[in-house]
Amino acid sequence: MPKKEREKENESGSLIAQNRKARHDYQILETIECGIALRGTEVKSCRMRSVAMQDSFAKVERNQIFVYNMNISPYSHGNIFNHTPIRPRALLLHKKEILRIAQRVQEKGLALIPLKMYLTRGKIKVELGIARGKAYEDKRETLRKRQEDLELRREYKVR
């Protein structure tokens, strides 16, 4: 791959995994980009895009933020020293950012949800969202709005 193409790919950041259900189940109030502490075979598995984030969430513990239930499949070419697929993984942020997030999350009804994982300049990053859970009626309303927008776009396309 020529150098210029590689630079463009790194600038845009290639998507590894996305938690699509999070935008349906939660109202995202704020997003934060943070690094993630991974082991060797976990990095290789992430580059192969074998990550599942469906039920993952994050918690602040002892002035650190950990992601739980994020499934990074074992590396296919690994040996007996392969990693465990589901384990708590530390997110890398400055201490001031962690304290600000901890204060924000202590509000009633707010949660930390990993939204997507992507590569930026060779580093694996996680986009973390501060979110409020949606009620069942809100979810239905969102679906209804999306359906109406889709119908409008189709109508304009036909004309």
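Based on DSSP H segments of at least four residues, each scored -39500 (n - 2.57), the chain has a per-residue ellipticity at 222 nm of -11000 deg cm²/dmol. For segment 34-93, the list of trypsin sites (Lys or Arg not before Pro) that fall in a loop by DSSP and count at most 10 other C-beta atoms within 10 angstrom reads Arg62. At q = 0.20, 0.23 Å⁻¹ the log10 of I(q)/I(0) for segment 93-133 amounts to -0.69, -0.82, computed by Debye summation with a single uniform scatterer per C-alpha, solvent ignored.
Using Cα pairs closer than 8 Å and at least 6 residues apart in sequence, work out the relative contact order for the chain, in percent. Could the numbers behind the result be given before it?
Numbers: 261 pairs, mean separation 49.1, N = 159.
After rounding, I find 31 percent.
When you filter the GluC sites (Glu not before Pro) in segment 60-152 for DSSP loop state and at most 14 other Cβ atoms inside 10 Å of their Cβ, you are left with Glu107.
Any of Lys59/Lys134; Lys108/Lys139; Lys21/Lys125; Lys134/Lys157; Lys21/Lys44; Lys96/Lys116 with alpha carbons more than 30 Å apart? Name them for me. Violating the 30 Å Cα-Cα cut-off are Lys134/Lys157. Glu97 versus Gln64, label points 7 Å from Cα toward the beta carbon: distance in nm? Label at Glu97, label at Gln64, 1.6 nm between them.
For the chain, the fraction of C-alpha pairs more than 19 angstrom apart is 62%. Placing dummy labels 7 Å off each Cα toward the beta-carbon, the span from Asp138 to Arg154 is 2.8 nm. Mean-square fluctuations from a GNM of the chain, with a 10 angstrom spring cutoff on Cα atoms, peak among Leu38, Leu92, Leu29 at Leu29.
Readers should treat all values here as calculations from the given coordinates under stated rules, not as data from a laboratory. The shown structure was predicted, so the numbers you read here are calculated from the model rather than taken from an experiment. Backbone-built Cβ (ideal geometry, glycine too); neighbour counts: all protein chains shown.
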